[in-house]
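Visitor: Dropping a structure here in structure tokens format, bear with me for questions.
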Amino acid sequence: MRVSRLLIGLLLLAAPLARGDPLQTEFLLLPSAEAVGTFNRDAPVTQIEDEVLKADMLLSLQKGKFKLFGEYLLSDHEGDLERFQLGWQFSDDTVIWIGRYHQPSSVWNHDHHHGQYLQTSISRPDIDEWEDLGGVLPQHFTGMLIESSRAVLDGWRLRTAFAGGIAPHVTAEGLDPFDLVHPSSDRLTMGYQARASLHPNEFTESGVGILFADDQLAQVGTPSPAQVGFNHADLRLLGVFGTYAADNWKVQGTLYHADARLYYASSTVNDNFDVGYIQAERRFPYDLTGFLRWEDSIGASDSQYLKLFEEFARIRYIGGVRWDFAKRQALTLQLGSTHTLNGHFDDVRLQWSAAFF
Amino acid sequence: MRRALLSLLLFCSLLGSLRAGQQTVVLVVRADSSVTDLDSIAVRKLFLGLPVLINGKPLHAVRNRADPQLDEIFLQQIVAMSQSAYDRQVLIGLNRQGWIRPAEVTAQTRALEILYDDPNAVTFMWLRDVAHDPRVRVIRVLWSD
């Protein structure tokens, strides 16, 4: 609770600097309900909950150049303060945040965050999965994030994001991010991330970019069998990504190269693997959108780092259709075929999602 | 000198529009606002909820929905997208950056009240409704038939 109190205190201290500016507020509720069935299953673990009800809540308060922004996700499985950020709008194009944020080297998570309604597919690429759902890359950090967009070349925009903060721990249950509500000072390590992308104009999603991350991940608590003797990992990511967004088409993809150095009690292991995905979406009449995604990897089966988690989907194919049947409400049907490190399964999902101001 | 010349040109063109009985939609601020000009990209950013700062102060967009034709002009001339695409852009901005969508008003009087109270508020109106109001200032013609 100390960190969240600190952020609220800082906002109160900053309020006199914005004297005369009205307080603006915005609340957004993104509920969803999902049912999943698996079949052709020989994988011991699938990461999948059969039924999930979620309410993702966003609150933004703004007074002058200062803002407080929070995202709380409540589901039938968890309740978590996902983002809690105090921001200072340095200029039109640059904002500086402190608090708990989604790390910027995940393009998918930067674009969609937790709200199901705003992503076309039901599931996200497994490399960008959240930590508490079996994700293998750290996503939630507590520290500072600087986001910027500036004009370059002839009308093109360079969007950048730099961040540094307290990294998640590696535990027997998977990655465990720093908890703002119940903070612990046990083995705090840092992670740094950067993303830069070029876009043909201010308002388009189309663009290409590069990403980088260097995260120190310490093991905490009783280890799982795969983690016995493991102390910490230095995980480095390099990646490229691109998006093409037109009226009826959207194609986006990301390719990550990961270098991991794993420190055990008496040895060090160097490891690397590559993971990528590409998703295509096509809008059809009657508010229907079809989508396909291919996720694949090189070197994942032999990766010592990925074996710390065991549930990673090294290959996955998904396809489906979304129907925006009412104002800010959608139904989505998705079929998937997944090869994990330990087996295979297919799944079918049905989801209702919505957005309410 | 250049600013005075531009203001004179804007004044003359507005006067011409009024006399000719044309329908004109203009961007307006409070008379003592520090906003002197906004280009079309800044106007689009502002009404999509993106931050636009003048002298270090963020501007506050007010979407005037007092009549359906103003709504049509807003979508076609200011943000250049359909209502559903606009809704989605505003949702995306809030989800990614905590951007606050422009306030919406359905009565002309309410838009003027907000303008009178807030020197950083920016809205759009029919020229005929504000041409003789000394408490507001026209900074740009957005549409004219």
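Visitor: How large is ³J(HN,Hα) for each residue in the stretch A:285-300, as worked out from phi by the Karplus curve 6.51 cos²θ - 1.76 cosθ + 1.60 (θ = phi - 60°), to whole Hz, x for Gly and Pro?
Guide: With the stated coefficients, the stretch A:285-300 comes to x, 6, 6, 9, 10, x, 8, 9, 9, 10, 10, 8, 8, 10, x, 6 Hz.
Visitor: Taking every residue in A:74-80, how many Cβ atoms of other protein chains lie within 10 Å of its Cβ, on average?
Guide: Numbers: counts 0, 0, 0, 0, 0, 0, 0.
Averaged over the peptide's residues, the number is 0.
Visitor: Applying the Karplus parametrisation 6.51 cos²θ - 1.76 cosθ + 1.60 with θ = phi - 60° to the phi angles of the stretch A:231-244, what ³J(HN,Hα) value in whole Hz is obtained for each residue in order, glycine and proline being reported as x?
Guide: 10, 7, 10, 10, 10, 10, 10, 10, x, 10, 8, x, 9, 10
Visitor: Taking a ≥ b ≥ c as the square roots of the Cα gyration tensor eigenvalues, with a/c under 1.5 meaning rounded and otherwise prolate when a/b beats b/c, else oblate, which class fits chain A? Show your work: numbers first, answer last.
Guide: Values: a/c = 1.44, a/b = 1.11, b/c = 1.30.
Rounded.
Visitor: If you count, for every residue in B:58-65, the Cβ atoms of partner chains within 10 Å of its Cβ, what is the mean? Don't jump to the answer; show the numbers that get you there.
Guide: Working: counts 11, 1, 4, 0, 0, 0, 0, 0.
Taking all residues of B:58-65 together, the mean is 2.
Visitor: Can you pick out the pairs among A:Lys250/A:Lys327; A:Lys54/B:Lys57; A:Lys65/A:Lys250; A:Lys67/A:Lys327; A:Lys250/B:Lys57 whose Cα atoms lie more than 31 Å from each other? The partial results should precede the final answer.
Guide: Working: A:Lys250/A:Lys327 21 Å; A:Lys54/B:Lys57 37 Å; A:Lys65/A:Lys250 34 Å; A:Lys67/A:Lys327 29 Å; A:Lys250/B:Lys57 36 Å.
Table pairs above 31 Å Cα-Cα are A:Lys54/B:Lys57; A:Lys65/A:Lys250; A:Lys250/B:Lys57.
Visitor: Average partner chain C-beta neighbours within 10 Å, per residue of A:61-68?
Guide: Across A:61-68, the average partner-chain Cβ count within 10 Å equals 3.
Visitor: Can you run phi through the Karplus equation (6.51, -1.76, 1.60; θ = phi - 60°) for the stretch A:73-85 and list ³J(HN,Hα) in whole Hz, with x for Gly and Pro?
Guide: Each residue's phi maps through the Karplus curve to give 10, 10, 9, 6, 10, 7, x, 8, 7, 7, 9, 8, 10 Hz.
Visitor: To continue, here is another question. DSSP beta bridges in the stretch B:2-144, what fraction antiparallel, as a percent rounded to 5?
Guide: Details: 13 of 19 bridges.
Approximately 70 percent, going by the DSSP bridge assignments.
Visitor: By the scheme Lys and Arg +1, Asp and Glu -1, what is the net charge of all other residues having a beta-carbon under 11 Å from that of A:Gln304? Numbers along the way, then the final one.
Guide: Numbers: positive: A:Arg261, A:Lys307; negative: A:Asp271, A:Asp302.
Residues close to A:Gln304 contribute a combined charge of 0.
Visitor: Using just the helices of the protein assembly as shown, give the 222 nm mean residue ellipticity in deg cm²/dmol: DSSP H runs with n ≥ 4 each add -39,500 (n - 2.57), and the total is spread over all residues, rounded to 500.
Guide: Numbers: 9 runs with 85 residues, N = 502.
Only helices count here, giving -5000 deg cm²/dmol.
We did not get these values from a lab; they are worked out from the coordinates using the rules stated. None of these values were measured; they are calculated from a predicted model. Backbone-built Cβ (ideal geometry, glycine too); neighbour counts: all protein chains shown.
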